[in-house]
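The values are calculated or read from the model by the stated rules, or taken from the named source; none is laboratory data. All figures in this text were calculated on a predicted structure; none of them were measured in a lab. We place every Cβ from the backbone using ideal geometry, glycine too, and count neighbours over all the protein chains shown. Note: accessible area is taken over every heavy atom of the protein model, side chains too, but ligands, DNA and RNA are not part of it. Shrake-Rupley method; radii C 1.70, N 1.55, O 1.52, S 1.80 Å.
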Amino acid sequence: MSCNSHSPNKGRWRGLVGAWLLGGLLAVQGLVAPAAWANHPALPDGVKSGEATLRFLGLQIYNARLWTPSAFDVSQLASQPLVLELEYLRSFRAAAIADRSIVEMRRSGSFTDEQARRWNAEMQRVFPDVKSGDRLTGIHQPGVGAAFLHNDRPVGTIEDPEFARLFFSIWLGPDTSEPNMRRQLLARWLNP
């Protein structure tokens, strides 16, 4: 359809273009979340809980986004589905991600050296090396374990509920090494 000056729909097109431009501007300003952020395909009835950026010595490491069910109890993390997406801003090897995950998981609970070796091997099997712009998404499956996506493509699962509980506690547990990030990710539920 043409938008020339003789078109009877000219005003309607201007209104649509204006709304599109305003919506884009507000989203860039952080005032309105884009519709794609409202839910995640892995949790279609969920809501975006929060987002945060991990920094280390002033360097940005990754952006994190969390989606939860629309009725969510922070004290019952292990019994509820959730989706945690990490958008990396730097390159990392899978082995480094797995090794750091084990260190951080120990903050939330104890486990044997054998469990640590098994979980580390499982993470290295599932996680790819990442580069800036890559997204790793973890999907908590209560009572089952965790499924993982790399740039929205399934890369594997770790079927161990204890692994999943401790893994997601890296970001969401009360003993996390990043309490400010936890508060930002759980903002919807901690600051109703």
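Quick notes on this one:
- Residue match in the stretch 74-83 (condition: part of a strand (DSSP E or B) and modelled with pLDDT of 95 or more): yes
- Candidates Leu43, Leu54, Leu59, filtered to the one that is out of contact with any strand residue (DSSP E or B) (no Cβ under 9 Å at 6 or more places or on another chain) and either in contact (Cβ under 8 Å) with a residue 24 or more places away in the chain or β-branched (Val, Ile, Thr) (or both): Leu59
- Residues (of a type outside the set (A, V, I, L, M, F, W, C), out of contact with any Ser or Thr (no Cβ under 6 Å at 6 or more places or on another chain) and either part of a loop (DSSP other than H, G, I, E, B) or within 23 Å of Gln141 (Cα to Cα) (or both)) located in the stretch 47-61: Lys48, Gly50, Glu51, Gly58
- From Arg153, Arg182, Arg165, Arg125, residue being touching a residue at least 60 places away in the same chain (Cβ under 8 Å) and among the basic types (Lys, Arg): Arg165
- Only one of Arg100, Arg117, Arg55 that is farther than 21 Å from Gln184 by Cβ and exposed (fewer than 15 other Cβ atoms within 10 Å of the Cβ): Arg117
- When residues in the stretch 134-156 are screened for being more than 16 Å from the chain's Cα centre (by Cα) and under 14 Å from Met123 (Cα atoms), 2 of them pass.
- Any chance Ala164 is in a strand (DSSP E or B) and either at pLDDT below 95 or within 15 Å of the chain's Cα centre (by Cα) (or both): no
- Scanning the stretch 74-97 for residues that are in contact (Cβ under 8 Å) with a residue 40 or more places away in the chain, closer than 27 Å to Asn191 by Cβ and loosely packed, with under 14 Cβ neighbours inside 10 Å yields a total of 1.
- Residue that is most open to solvent (accessible area, probe 1.4 Å) [pool: residues in the stretch 128-146 that are in contact (Cβ under 8 Å) with a residue 60 or more places away in the chain and part of a strand (DSSP E or B)]: Gln141
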